[in-house]
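The values are calculated or read from the model by the stated rules, or taken from the named source; none is laboratory data. Nothing here was measured: the structure is a model prediction, and the numbers come from that model. Neighbour counts run over all protein chains shown; Cβ positions are idealised from the backbone, glycine included. Areas reflect the complete protein model, heavy atoms only, side chains present, ligands, DNA and RNA absent. Shrake-Rupley method; radii C 1.70, N 1.55, O 1.52, S 1.80 Å.
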Amino acid sequence: MFFGKVLTAMVTPYDSAGEVDYAKVQKLAKHLLANGSDGVLICGTTGESPCLTPAERANLWAAAKEATAGGGALILGTTDNETAFSCEVAKKAQRAGADALLAVAPYYNKPSQEGLYRHFAKIAASADIPIILYNIPGRTGVNILPETVLRLAQDCPNIVAIKDATGSLDSVSALGGMLPEGFDVYSGDDSLTLPILSVGGVGVISVASHLIGNQIAQMIELYQQGDVAGARRIHLQYFEVFKKLFITTNPVPVKACLNLQGWAMGDCRLPLAPPADDELAVLKAMLEKYNLL
């Protein structure tokens with residue numbers, strides 16, 4: 001199953017009291033799907049998944065399912081660093097109507113490659129639904145090696161893709177050289193989407209698509225049509241946006257940008273603090289430069 005070229009890792013909106021604003025979840029999801037995104041990822045890193053209660057997750061899934069009913073893939077971030085709990089959440093997400101699950105490498109525990117294999121294989125066996133692996137060593141402290149991804153792709157038919165946020169083209173190249181046809185590799189870093197396309201990637205699970213989804217979709221389309229120069233022009237034009245959305249910990253910058261645009265998404269929950277004044281000034285200047293205000 002192909003989920004699309006641009007999937008937005010969506011922020012979680014909060015109201016003035018700090019509670020999840022489910023109406024705004026639906027409004028934002030519909031906006032994204034109308035502006036370059038083929039689907040949305042709910043309860044991922046950008047959605048502040050570690051700070052959401054089980055009840056909030058379930059309500060977020062339901063709101064997003066309703067918002068995407070008219071078209072667009074719904075990917076649900078479900079996993080934790082404990083395997084049995086991750087399996088139970090995966091079952092619940094399947095019942096909630098997810099098109100696929102995003103399964104992040106267990107964080108803090110620092111399992112071996114065998115432990116990673118067994119963790120993901122258990123999750124795959126617990127839910128009869130496509131699974132996208134999520135490799136982000138900078139957050140989890142552990143790297144899913146290409147050989148482990150290959151084992152999972154061979155042994156677990158419903159593990160069908162990976163979001164690679166290693167920051168390493170070598171890692172993506174190794175994956176492309178060994179994975180079976182039809183196993184999709186998504187960029188997990190907006191600034192590396194175009195380079196990753198060149199070594200076999202199919203698209204991006206994006207943060208910047210909150211702001212420039214149509215442009216990212218056009219870049220990928222041009223590349224896939226053979227217009228490499230045109231795709232490169234868009235990549236270079238918006239490279240500053242890709243990088244400045246990470247001047248501090250994601251999702252702090254993108255939420256601040258949405259707030260500056262008038263979306264009223266609220267601040268991130270602690271322990272993530274709002275951007276410093278100088279960071280906010282940089283983000284505002286960037287939005288002004290690209291006519292995004």
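Suppose we filter Lys30, Lys92 for residues that are more than 30 Å from Ser112 (Cβ to Cβ), of a type in the set (Lys, Arg) and assigned to a helix (DSSP H, G or I); which single one remains? Give the steps one after another, and end with the answer.
Values: Lys92 fails: more than 30 Å from Ser112 (Cβ to Cβ).
None of the other options fit; the residue is Lys30.
Taking the criterion of being assigned to a loop (DSSP other than H, G, I, E, B), of a type in the set (D, E, K, R) and in contact (Cβ under 8 Å) with a residue 12 or more places away in the chain, the only residue of the stretch 173-199 that qualifies is Asp189.
One line per residue, one yes/no per condition, for (1) hydroxyl-bearing (Ser, Thr, Tyr); (2) open to solvent by 40 Å² or more (accessible area, probe 1.4 Å); (3) modelled with pLDDT under 95:
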site: Thr8; (1), (2), (3): yes, no, no
site: Val25; (1), (2), (3): no, no, no
site: Asn35; (1), (2), (3): no, yes, no
site: Val40; (1), (2), (3): no, no, no
site: Thr46; (1), (2), (3): yes, no, no
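Filtered by the rule that a residue be open to solvent by less than 40 Å² (accessible area, probe 1.4 Å) and touching a residue at least 40 places away in the same chain (Cβ under 8 Å), the stretch 235-262 gives His235, Tyr238, Val241, Phe242, Leu245, Asn250, Pro251, Val254, Lys255, Cys257, Leu258. Number of residues in the stretch 152-166 that are under 19 Å from Lys110 (Cβ atoms) and open to solvent by 30 Å² or more (accessible area, probe 1.4 Å) equals 1.
Ile205 meets each of the listed conditions (1) within 24 Å of Met286 (Cβ to Cβ); (2) part of a helix (DSSP H, G or I) apart from (2). For the stretch 41-93, a residue qualifies if it is in contact (Cβ under 8 Å) with a residue 40 or more places away in the chain, over 21 Å from Pro251 (Cα atoms) and among the charged types (D, E, K, R), and exactly one does: Glu66. From the list Gly70, Gly4, the one residue that fits, being open to solvent by 50 Å² or more (accessible area, probe 1.4 Å) and either touching a strand residue (DSSP E or B) at 6+ places or on another chain (Cβ under 9 Å) or assigned to a loop (DSSP other than H, G, I, E, B) (or both), is Gly70.
Scanning the stretch 265-293 for residues that are open to solvent by 100 Å² or more (accessible area, probe 1.4 Å), at pLDDT 95 or above and outside any helix (DSSP H, G or I) gives Leu270, Pro271, Asn291. Would you mind stating whether Val228 is open to solvent by 60 Å² or more (accessible area, probe 1.4 Å) and among the hydrophobic types (A, V, I, L, M, F, W, C)? Considered against the rule, which asks whether it is open to solvent by 60 Å² or more (accessible area, probe 1.4 Å) and among the hydrophobic types (A, V, I, L, M, F, W, C), Val228 comes out as yes. Only one of the numbered conditions (1) over 25 Å from Ile220 (Cβ atoms); (2) crowded, with 19+ Cβ neighbours inside 10 Å is not met by Gly18, and that is (2).
Of all residues assigned to the stretch 225-246, none qualifies as being touching a Gly at 6+ places or on another chain (Cβ under 8 Å) and farther than 21 Å from Gly167 by Cα. Among the criteria (1) under 26 Å from Leu260 (Cβ atoms); (2) surrounded by fewer than 22 Cβ atoms within 10 Å (Cβ to Cβ), the one Ala64 does not fulfil is (2). Taking the stretch 118-150 as the range and being of a type in the set (A, V, I, L, M, F, W, C) and outside any helix (DSSP H, G or I) as the test, the residues that pass are Ala127, Ile129, Ile131, Ile132, Leu133, Ile136, Val142, Ile144, Leu145.
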